[in-house]
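Below is one structure, written out as structure tokens; comments come after it.
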């Protein structure tokens with residue numbers, strides 16, 4: 001199976017956000033909002049950290 | 001943030017939360033064991049079918065994707081103490097782990113570009129199942145709806 005890094009990240013974020021939302025919130029509305037928040041946070045933080053590390057000589 | 005007279009945040013649900021009657025310890029542990037063996041089963045046994053099915057789909061899909069990405073499943077090897085943590089994470093997924101081990105899957109191809117992602121998927125699938133079991137434990141004990 002060949003997924004790009006971003007695709008693998010997005011699938012990972014989607015699955016984890018779904019479980020987190022269902023575990024931590026009780027109503028469907030809260031679950032949806034929290035799930036979207038976690039999903040977007042995963043993507044944003046990963047992209048931000050990626051760009052921060054970009055100039056580092058690794 | 002502004003709060004109402006009852007101390008609730010605006011938009012929050014003021015209705016009392018319905019908690020179930022706590023189950024005894026044996027029943028709770030049996031349900032949790034079932035949830036470990038088959039992801040999502042504990043919630044299904046507690047009557048939360050949709051939630052259980054979603055949990056099962058998420059954990060099993062993550063596990064299968066991890067295997068598909070040539071991730072590695074770790075065994076219990078006492079000579080390599082740090083591998084024990086990886087084993088604990090892997091074994092959290094329950095029956096799929098045992099099945100994959102029996103079928104000699106999860107060997108791990110380090111030369112594959114997705115090896116690290118696959119291994120992480122396999123770890124997180126097990127760790128998520130632990131969280132799901134804890135959630136089922138709280139529900140069974142009447143601590144959350």
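Read-outs: derived from the displayed coordinates by stated rules, not from any lab. All values derive from a computational prediction rather than experimental measurement. Here the Cβ positions follow ideal geometry from the backbone for every residue, glycine too, while neighbour counts run over all protein chains shown.
Other protein chain C-beta atoms within 10 Å of residue C-beta, averaged over A:20-33: 3. Kirkwood radius, the protein assembly as shown, all distinct C-alpha pairs, inverse of mean reciprocal distance: 18.6 Å.
Computed from label points 7 Å out along Cα-Cβ, the spacing between residue B:107 and residue B:33 is 3.5 nm.
Hey, could you get me the Stokes-Einstein D for chain A, Kirkwood radius over alpha-carbon pairs, 4 °C and 1.567 mPa s, rounded to whole µm² s⁻¹?
103
Projecting label points 7 angstrom from Cα along Cα→Cβ for residue B:85 and residue B:24 puts them 4.0 nm apart.
Helix B:25-37 and the long axis of chain B differ in direction by around 40°, with both axes built from C-alpha atoms.
Where does each of B:76-83, B:123-130, B:92-99 land if you order them by average Cβ count within 10 Å, highest first?
Result, highest mean Cβ count within 10 Å first: B:123-130, B:92-99, B:76-83.
Protection proxy ranking, highest mean first, for peptides B:19-26, B:113-120: B:113-120, B:19-26, where packing is the per-residue count of other beta-carbon atoms within 10 Å, averaged. Neighbour counts of other Cβ atoms within 10 Å put B:32, B:58 in the fewest-to-most order B:32, B:58. Per residue of B:55-66, other chain Cβ atoms within 10 Å of the residue Cβ number 3 on average. Inter-chain neighbour count for B:118-125: the average number of beta-carbon atoms from partner chains within 10 Å of each residue's beta-carbon is 2. Suppose we look only past 26 Å in the calculated P(r) of the stretch B:8-145. What percent of the Cα-Cα pairs does that tail hold? That fraction is 33 percent. Using a Gaussian network model of chain B in which every pair of alpha carbons under 10 angstrom is joined by a spring, one finds that among B:103, B:44, B:62 the greatest mean-square fluctuation is at B:103.
In terms of the mean number of neighbouring beta-carbon atoms within 10 Å, the peptides A:27-37, A:12-22 order highest first as A:12-22, A:27-37.
If each DSSP helix of 4+ residues adds -39,500 (n - 2.57) and the sum is divided by the residues in the protein assembly as shown, what number results at 222 nm, nearest 500 deg cm²/dmol? Per the formula, -20500 deg cm²/dmol.
In the stretch B:24-78, the convex hull through the Cα atoms has an average projected area of 5.1 nm², a quarter of its surface area.
Remark: B:51, B:143 ranked as B:143, B:51, counting other beta-carbon atoms within 10 Å and listing the fewest first.
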